[in-house]
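A.B. asks: Can you read through this structure? Questions will come right after.
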Amino acid sequence: MTRFLDAYHRLLTWLLAFAVAILIIPVSIQIFSRFTALIPAYIWTEEMSRFFFIWMVMIGAIIGLRERLHFDVDVWNDTRPRTNAVLRMVANGFVLIFTGVMIWWGIEFTRFGWNQTSELADLPMWLIFIAWPVAGVSWLLFLIEAYRRDIDLYRRDEDIEANAPEEAM
């Protein structure tokens with residue numbers, strides 16, 4: 001499962017870079033068309049930039065969860081490795097609750113927009129709405145990986161820094 005998640009993480013990293021690179025195009029067209037008469041004002045660029053921005057945020061949130069980049073509040077800064085593992089599992093429990101909400105209501109959100117199209121570009125809205133359940137399922141996969149790691153660290157009484165891959169830190 002770790003090899004699959006590593007490959008999925010690399011794919012998401014490339015997709016995020018692609019989304020950022022593509023986002024530059026409609027935003028640049030918007031800027032130039034507002035301040036110069038060289039390019040006509042295209043209305044679809046605003047909608048496309050919004051769609052790419054949504055996917056960019058969702059993919060970034062997925063990567064952030066895998067790499068443990070979301071913020072942590074260290075109330076107990078000098079604790080044993082076992083205590084750290086338990087605290088991470090409790091914190092991930094709250095993330096797991098939110099993950100369930102993202103999956104459940106993301107599926108409902110996608111069903112709601114299944115037969116809708118966007119106003120300007122006439123794109124199917126499910127292409128945007130599906131970002132929520134995709135993020136939720138991805139978070140679930142990465143949370144399972146984090147729980148497995150923390151349970152293993154708890155059993156061995158080791159800290160995460162000694163066992164984490166360098167790219168995930």
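The values are calculated or read from the model by the stated rules, or taken from the named source; none is laboratory data. All figures in this text were calculated on a predicted structure; none of them were measured in a lab. No Cβ is skipped: glycine too gets one built from the backbone with ideal geometry, and neighbour counts run over all protein chains shown. Accessible surface areas use protein heavy atoms only, side chains included; no ligands, DNA or RNA. Shrake-Rupley method; radii C 1.70, N 1.55, O 1.52, S 1.80 Å.
A.B. asks: Which shape class applies to region 1-158: rounded if a/c is under 1.5, otherwise prolate when a/b exceeds b/c and oblate if not, where a ≥ b ≥ c are the square roots of the Cα gyration tensor eigenvalues?
C.D. replies: The shape class here is prolate.
A.B. asks: Quick check: pseudo-label points 7 Å beyond the Cα along Cα→Cβ at Arg3 and Val20, how many nm apart are they?
C.D. replies: Once both label points are built, they end up 3.0 nm from each other.
A.B. asks: Still on this model: Report the charge-dipole magnitude of region 3-102 in Debye, nearest 20, computed about the Cα centre from +1 at each Lys and Arg Cβ and -1 at each Asp and Glu Cβ. Walk me through the numbers on the way to the answer.
C.D. replies: Details: 9 positive and 7 negative charges, 54 e Å.
The dipole of region 3-102 has a size of about 260 debye.
A.B. asks: So, with +1 on the Cβ of K and R and -1 on the Cβ of D and E, and no other charges, what is the size of the charge dipole of the chain about its Cα centre, to the nearest 20 debye?
C.D. replies: The calculation lands at about 240 debye.
A.B. asks: At a probe radius of 1.4 Å, what is the per-residue accessible area of Arg80, in Å² to the nearest 10?
C.D. replies: Rounded to the nearest 10, that gives 130 Å².
A.B. asks: Given the C-alpha centroids of region 93-114 and region 30-61, what is the distance between them in whole angstrom?
C.D. replies: So the two Cα centres are separated by 27 Å.
A.B. asks: Between Trp104 and Arg156, how many nm apart are label points set 7 Å from Cα along the C-beta direction?
C.D. replies: 3.6 nm
A.B. asks: Would you calculate the convex hull of the Cα atoms in region 56-121 and tell me its volume per residue in Å³?
C.D. replies: 109 Å³
A.B. asks: Among Ile39, Ile107, Ile29, determine the one that fluctuates most according to a GNM of the chain built with springs between C-alpha atoms less than 10 Å apart.
C.D. replies: Ile39
A.B. asks: Still on this structure, please answer the following. Rounded to the nearest 10 Å², what accessible area does Asp122 have for a 1.4 Å probe in the complete protein model?
C.D. replies: Result for Asp122: roughly 100 Å² accessible.
A.B. asks: Please calculate how many Å² of accessible area region 1-110 carries per residue, with a 1.4 Å probe and no DNA, RNA or ligand atoms counted.
C.D. replies: 67 Å²
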